[in-house]
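*Asks:* Once you've had a glance at the structure underneath, I'll fire off some questions.
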Amino acid sequence: MLRRLVPVLLTAAVVVSAVAALVVRPAVGAPQRTADYVVLAGVAGLRWEDVNPETTPNLWRMAERGSIGSLSVRSGRTPTCPVDGWLTLGAGNYAAWDGEPVTGDCGPPQVTVEQPDGIGANLPGQQTAVRYNKERQPWGAIPGALAESVRCTVAVGPGAAIAAARPFGRVDRYAPSLPADPAELLASCVLSVIDLGAVTGDDPVVRAAAARHADTALARVLAARPPSSLVILAGISDTDQTSRLHVAVADGPGWSEGWLTSSGTGRDGYVQLIDLAPTALAAVGRPMPDRLFLGQAATSVPGRPADLATAIAQPADADREAGAQRHVASWFFALLAGFQCLLAIAVLPLLRRARRHAGPTGPAPASRRVVAVVEVLLIAAALAIPAALVADVVPWWRADQGGFYFALVTLTVLAIATAGVRLARIYRRTLGPMGSVAGLAALVVGVDVVTGASLQLNGVAGYSALEGGRYAGLGTVGLGVFVAGTLLVAGCLAQQVRRSWRPAVVVLVGGIGVIVTGSPYLGADSVGAVALTAGVCVAAAMSTGGWLTLGRLAWATIAGLAVTVGFAVLDMRRPTGQQGSLGRFLGAIADGTSGLTVHRSGSANLDALVGSPLTVLAIVGAALVWFALLRPWGGLKRLFGIYPAIRAGMAGLTVAALIGGVLGGSALDVAGAAAALTVPLAALAALRVLDHAADRTQPAAALDAGLLADTESPAEPEPDPEPDPVVDAEPGVEPGQSAKPKPKPGEAAARR
């Protein structure tokens, strides 16, 4: 009876742990009205390194009073030039003026602004931009959605006219330049958008002069601001081919001396350009346009250092790190993919010659030294991504040759970690390297997530704030490594206990992983948590041996569906601004806009598939497994037969990686990161089991020594169909090799 209840109890455990991790979210109240007027001032290209009390004294005092943060200016085109930045501001969504690629540096907005009545203005190209974003872009942006949400809008300058124009091109109040006394103009509408120019180039003198000019204009705005107003200054866009983080300052009632943040970023000190439109509407108490804004209203949170210079140093340093990360990450993953491809080629002849033949004929076995070197290289390959993550503890990006120092630190960490695994006592066991490396990788990612994911933000093995996809929690690469490490560790631990206890061990370890992945306080990745739940269910169902039968598949499917449905129901009951990706998708299905969400996800998957080195890692790893390791001479089938829990863990991580990548819009990136850890460890374990495939086990000696890898007793009612190998039978005996009885005195002479 108890045995029949085990699948039910395990299913309930997975469901309860996963849903508890996903639905417990921090209480976030809806933004309250704080002002009667909002003034949005933009300076294209303005970065925190341009702000100081000598060059920009007015902005400095505004930042001392208000809240500050780093602004990600992602738009519908890369890089975000001023015309796209202003259009994105007015749309509250990723938008682009047209589909022409940007070549060279960005220029000022080249738009036609007509003033037939001398009061407002018309933008003849606005309707074309609306049609382009609606038909050609996957985001569903409607330029002019911000202006359409208020009754009256003021625009000063051509860039501001783009942001303040309604979808049909009308600007309510327009001035080509800022008047000497703009008080009357700013008080004429609830929303004012002002173009304060641009800060361009790399010459510090030129940038300082442009920043001083913008600061002088800002002084007139601050002096003429209406009473009870919120003033937001933003570095609205990039000005060249290099994407950077820019200035964001909010000054007004309820915005004093804090960090800017939003539920869209989930990290203090970071906001997006698409967050500014909902922030303006929330500040004046206007409703949001339904399903048009992708951004979320920004808020001010405490914790900023009292000294403004110390506070500004943090976003300025983040800008330098994010800029260095993009270049270094591209060649790091390219080198990693190339190295693992070469290593896969080198492993093939060793697999062919790894099996030692009992008879006098057969191919000569590979050199022990060569095998030992390849094993160390396989361990290093598996630890490369965790080592790159740890390397961000050292601020390598502050050096002139940041890439060189990153490589030096990463190689140092990699050498220490590889040596630690190689010298560990457990290394001699067949599964020793797999368990220790997988555990170390999962521990590195897990500790980083638990402590705030500071290593993943703008990290080479993490995610970049410049991309605008994620700012907190577990990233795509981290998810792949964590999923693989968690399920491999679960398989290794489950293999050490009785067969009947193996599903419980997998559920326990996997449940912890689901909580770390899905909790909004930790990984904040609901899609990843659902994917990992499916992988844990499959691994638990297969951990006792045998295949994934219909009954096991049914219980795994029930658990996965229960977690998904439970989270979806609770997620949909939250306010729109607090919903996760699953709740927003189901809401889109309810109102008939799900096609746009599917199109957006498909575009993201396609971009990730064709533009990421992790795709190469996934394909090469799958090819090595299918065409080599799973062949009769490849050793993986023998490994799976001897260690069924390892087969279960690998099956589960494959399911989880594919689901997490496709549903998360990252195609094979999650699978590629998982393959970078799993495939080298699988090849190493296959080499070891093949090396001892011809050994003859001495059951009596093994049982007397108590050295069977499986801890089940012979009296168990249902023993494993495949016995586990003997390990460490005697000092000096190779892993998995059986002890051989010594000949009796005189026996050798008698044989002769």
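The values are calculated or read from the model by the stated rules, or taken from the named source; none is laboratory data. Predicted model, so just to flag it, every value in this text is computed and none were measured. Counting neighbours? That spans all protein chains shown, and the Cβs are built from the backbone with ideal geometry, glycine included. The area values use the complete protein model at the heavy-atom level, side chains included, leaving out ligands, DNA and RNA. Shrake-Rupley method; radii C 1.70, N 1.55, O 1.52, S 1.80 Å.
*Asks:* Need the failing condition index for Asp317 against (1) closer than 22 Å to Val444 by Cα; (2) touching a residue at least 24 places away in the same chain (Cβ under 8 Å), just the number.
*Replies:* Only one criterion in (1) closer than 22 Å to Val444 by Cα; (2) touching a residue at least 24 places away in the same chain (Cβ under 8 Å) is unmet by Asp317, namely (1).
*Asks:* Looking at this structure, is Gly323 at pLDDT below 90, of a type outside the set (Asp, Glu), farther than 30 Å from Leu185 by Cα and not in a loop (DSSP other than H, G, I, E, B)?
*Replies:* Yes, satisfied.
*Asks:* Restricting to segment 99-113, what's the tally of residues that are surrounded by 14 or more Cβ atoms within 10 Å (Cβ to Cβ) and either touching a helix residue (DSSP H, G or I) at 6+ places or on another chain (Cβ under 8 Å) or not hydrophobic (A, V, I, L, M, F, W, C) (or both)?
*Replies:* 6
*Asks:* If we keep just the residues of segment 54-66 that are outside any helix (DSSP H, G or I) and over 16 Å from Pro305 (Cβ atoms), which is least open to solvent (accessible area, probe 1.4 Å)? Walk me through it before giving the result.
*Replies:* Looking only at segment 54-66, we keep the residues that are outside any helix (DSSP H, G or I), and these are 54-56, 66.
From what's left, over 16 Å from Pro305 (Cβ atoms): 54-56.
Details: Glu54: 140, Thr55: 18, Thr56: 2 Å².
So, considering only residues that are outside any helix (DSSP H, G or I) and over 16 Å from Pro305 (Cβ atoms), the one least open to solvent (accessible area, probe 1.4 Å) is Thr56.
*Asks:* Collect the residues in segment 535-556 that are modelled with pLDDT under 70 and under 30 Å from the mean Cα position of the chain (by Cα), keeping them in residue-number order.
*Replies:* Leu553, Trp555, Ala556
*Asks:* Where residues in segment 388-413 are of a type in the set (S, T, N, Q) and open to solvent by 30 Å² or more (accessible area, probe 1.4 Å), which of them is modelled with the lowest pLDDT?
*Replies:* Gln401
*Asks:* Test Ala248 against the criterion of being under 27 Å from the mean Cα position of the chain (by Cα) and touching a residue at least 12 places away in the same chain (Cβ under 8 Å), and give yes or no.
*Replies:* On the way: under 27 Å from the mean Cα position of the chain (by Cα): yes; touching a residue at least 12 places away in the same chain (Cβ under 8 Å): yes.
So Ala248 fits the description; yes.
*Asks:* Ile426 is checked against (1) modelled with pLDDT under 95; (2) surrounded by 14 or more Cβ atoms within 10 Å (Cβ to Cβ); (3) in a helix (DSSP H, G or I) and fails just one. What number does that condition carry?
*Replies:* So Ile426 meets the others, but not (2).
*Asks:* Does Ala673 count as out of contact with any strand residue (DSSP E or B) (no Cβ under 6 Å at 6 or more places or on another chain), modelled with pLDDT of 80 or more and farther than 18 Å from Leu431 by Cα?
*Replies:* Yes: the conditions hold for Ala673.
*Asks:* Further question: Out of the residues in segment 491-510 that are part of a helix (DSSP H, G or I) and over 21 Å from Val437 (Cα atoms), state the one that is most open to solvent (accessible area, probe 1.4 Å).
*Replies:* Trp501
*Asks:* Can you tell me which residue in segment 471-485 is least open to solvent (accessible area, probe 1.4 Å), limited to those that are hydrophobic (A, V, I, L, M, F, W, C) and in a loop (DSSP other than H, G, I, E, B)?
*Replies:* Let us first name the residues in segment 471-485 that are hydrophobic (A, V, I, L, M, F, W, C), namely 472, 474, 477, 479, 481-484.
Going one step further and asking which of them are in a loop (DSSP other than H, G, I, E, B), we end up with 472, 474.
Values: Ala472: 22, Leu474: 3 Å².
Top of the filtered list is Leu474.
*Asks:* Tell me whether segment 349-367 contains one or more residues that are in contact with a Gly (Cβ under 8 Å, 6 or more places away or on another chain) and not basic (Lys, Arg).
*Replies:* The answer is yes, given that some residue of segment 349-367 is in contact with a Gly (Cβ under 8 Å, 6 or more places away or on another chain) and not basic (Lys, Arg).
*Asks:* Which is of a type outside the set (Phe, Trp, Tyr), free of Cβ contacts under 8 Å to residues at least 24 places away in the same chain and in contact with a Phe, Trp or Tyr (Cβ under 8 Å, 6 or more places away or on another chain), of Gly469, Gly491?
*Replies:* Gly469
*Asks:* A follow-up question, please. Taking only pairs six or more apart or across chains, which ones have beta-carbon atoms under 6 Å, a first residue in segment 680-701 that is farther than 18 Å from Leu636 by Cβ, and a second residue that is open to solvent by 10 Å² or more (accessible area, probe 1.4 Å) and at pLDDT 75 or above?
*Replies:* none
*Asks:* Next question, about the same structure. Examine segment 337-357 for a residue that is modelled with pLDDT of 90 or more, closer than 19 Å to Val481 by Cβ, in contact with a Pro (Cβ under 8 Å, 6 or more places away or on another chain) and open to solvent by 20 Å² or more (accessible area, probe 1.4 Å), and state whether such a residue exists.
*Replies:* Looking for residues that are modelled with pLDDT of 90 or more, closer than 19 Å to Val481 by Cβ, in contact with a Pro (Cβ under 8 Å, 6 or more places away or on another chain) and open to solvent by 20 Å² or more (accessible area, probe 1.4 Å), one finds at least one in segment 337-357, hence yes.
*Asks:* Within the group Thr239, Thr279, Thr261, Thr265, which residue is open to solvent by less than 40 Å² (accessible area, probe 1.4 Å), of a type in the set (S, T, N, Q) and within 19 Å of Leu308 (Cβ to Cβ)?
*Replies:* Thr261
*Asks:* Suppose the filter is within 16 Å of Leu487 (Cβ to Cβ) and touching a helix residue (DSSP H, G or I) at 6+ places or on another chain (Cβ under 7 Å); does Thr654 pass it?
*Replies:* No.
*Asks:* Any chance you could count how many residues in segment 438-463 are open to solvent by 10 Å² or more (accessible area, probe 1.4 Å) and outside any helix (DSSP H, G or I)?
*Replies:* 7
*Asks:* Separate question: Identify, from the list Ala217, Ala311, the residue that is touching a strand residue (DSSP E or B) at 6+ places or on another chain (Cβ under 9 Å), in a helix (DSSP H, G or I) and free of Cβ contacts under 8 Å to residues at least 60 places away in the same chain.
*Replies:* Ala217
*Asks:* Might you let me know whether segment 197-212 holds any residue that is surrounded by fewer than 23 Cβ atoms within 10 Å (Cβ to Cβ), part of a strand (DSSP E or B) and either among the aromatic types (Phe, Trp, Tyr) or at pLDDT below 95 (or both)?
*Replies:* yes
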